[in-house]
1. For segment 17-32, give me each residue that is surrounded by 13 or more Cβ atoms within 10 Å (Cβ to Cβ) and either assigned to a helix (DSSP H, G or I) or without any contact (Cβ under 8 Å) to a residue 60 or more places away in the chain (or both).
2. Can you find a residue that is farther than 30 Å from residue 67 by Cβ, crowded, with 20+ Cβ neighbours inside 10 Å and over 15 Å from the mean Cα position of the chain (by Cα) anywhere in segment 294-313?
3. Check off (1) assigned to a helix (DSSP H, G or I); (2) surrounded by fewer than 22 Cβ atoms within 10 Å (Cβ to Cβ) for residue 141 and give me the number that stays unchecked.
4. Answer yes or no as to whether residue 59 is touching a residue at least 12 places away in the same chain (Cβ under 8 Å), in contact with a helix residue (DSSP H, G or I) (Cβ under 8 Å, 6 or more places away or on another chain) and either at negative phi or buried (at least 18 other Cβ atoms within 10 Å of the Cβ) (or both).
5. Run down 244, 188 and say which single residue is surrounded by fewer than 24 Cβ atoms within 10 Å (Cβ to Cβ), under 24 Å from residue 86 (Cα atoms) and within 19 Å of the chain's Cα centre (by Cα).
6. Considering only segment 42-75, how many residues are at pLDDT 85 or above and more than 30 Å from residue 133 (Cα to Cα)?
7. Those residues that are in contact (Cβ under 8 Å) with a residue 12 or more places away in the chain, under 18 Å from residue 176 (Cβ atoms) and not in a loop (DSSP other than H, G, I, E, B), I need them from segment 285-316; list them, please.
8. When the residues of segment 99-125 are filtered to those that are more than 21 Å from residue 301 (Cα to Cα), in contact (Cβ under 8 Å) with a residue 12 or more places away in the chain and surrounded by fewer than 23 Cβ atoms within 10 Å (Cβ to Cβ), which remaining residue is farthest from the chain's Cα centre (by Cα)?
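The values are calculated or read from the model by the stated rules, or taken from the named source; none is laboratory data. Bear in mind the structure is a predicted one, so any value in this text is a computation, not a measurement. Glycine also receives a Cβ, built like all others from the backbone with ideal geometry; neighbour counts cover every protein chain displayed.
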């Protein structure tokens, strides 16, 4: 039920400087300092499809060069392949036991409009390196050409194909940011279509509420050095005219009493999407679903992105532990 804002008194906060706290690693402190000057991201209006096409054409080559360097550090062999007609990157660590070991179906982030290609390949490989399991990274279709429901449908198709040779008790679906949304939405589709559920889901700083109504969208605005503000234009072009409260668009609004796998949710105290993580965790717990919430001190959206930061390794260690436990 909507509330009347005129009936409430806001908290007024004077201008202030927020230093990196001494409670995090020196590397994390440097990351916050480096990111302090990052500009707010500018996106075209959701209604201007041609502007979005130009934006993608201009930005993708820059991102590809950056993520090619990231890919060079990956140790796990990666095969570029198609599964159920969907482009995927199959990252299989040395010594992987195809008959027994877990498989992590991973959905990359990128505000629903970016992150395909080299980035999806690199983050899949890095996840396989750090977690030590086979990772299938889905290079799902994106706007402006392919809005919702293309992305979760691609993930469901890949999952269904994997079921032909892999016990669902060994499969975990996860993703980061927009990928966390798509991973949750795909899992809801899997459930509602009567397919076997995966052993677990991993939602890393997920954008599970496209209405962006949570408290941290206000309290962490500008404080998050990665996402200075919300993503209404990205969310709108992804939605393609659908109601943003549709549970397959905003999984926060889904009915979890119908069932959902054990879930790990991650965020940080400076993450713009912190409220998303808190709210989806409470929604799952309220429905009787096993759910863990891990919140890192002073961490912005997506982790500390530059350099070798111990807190990032801690996230991957928790994900590895969770995957091993739910697929044991």
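1. 27, 28, 29, 30, 31, 32 - these are the residues of segment 17-32 that are surrounded by 13 or more Cβ atoms within 10 Å (Cβ to Cβ) and either assigned to a helix (DSSP H, G or I) or without any contact (Cβ under 8 Å) to a residue 60 or more places away in the chain (or both).
2. No, segment 294-313 contains no residue that is farther than 30 Å from residue 67 by Cβ, crowded, with 20+ Cβ neighbours inside 10 Å and over 15 Å from the mean Cα position of the chain (by Cα).
3. (1)
4. No; evaluated as a whole, the condition is false for this residue.
5. Just a single option satisfies the conditions, and that option is 188.
6. Residues flagged as at pLDDT 85 or above and more than 30 Å from residue 133 (Cα to Cα) within segment 42-75 amount to 14.
7. Those that are in contact (Cβ under 8 Å) with a residue 12 or more places away in the chain, under 18 Å from residue 176 (Cβ atoms) and not in a loop (DSSP other than H, G, I, E, B): 291, 292, 293, 294, 295, 296, 311, 313, 314, 315, 316.
8. That would be 100.
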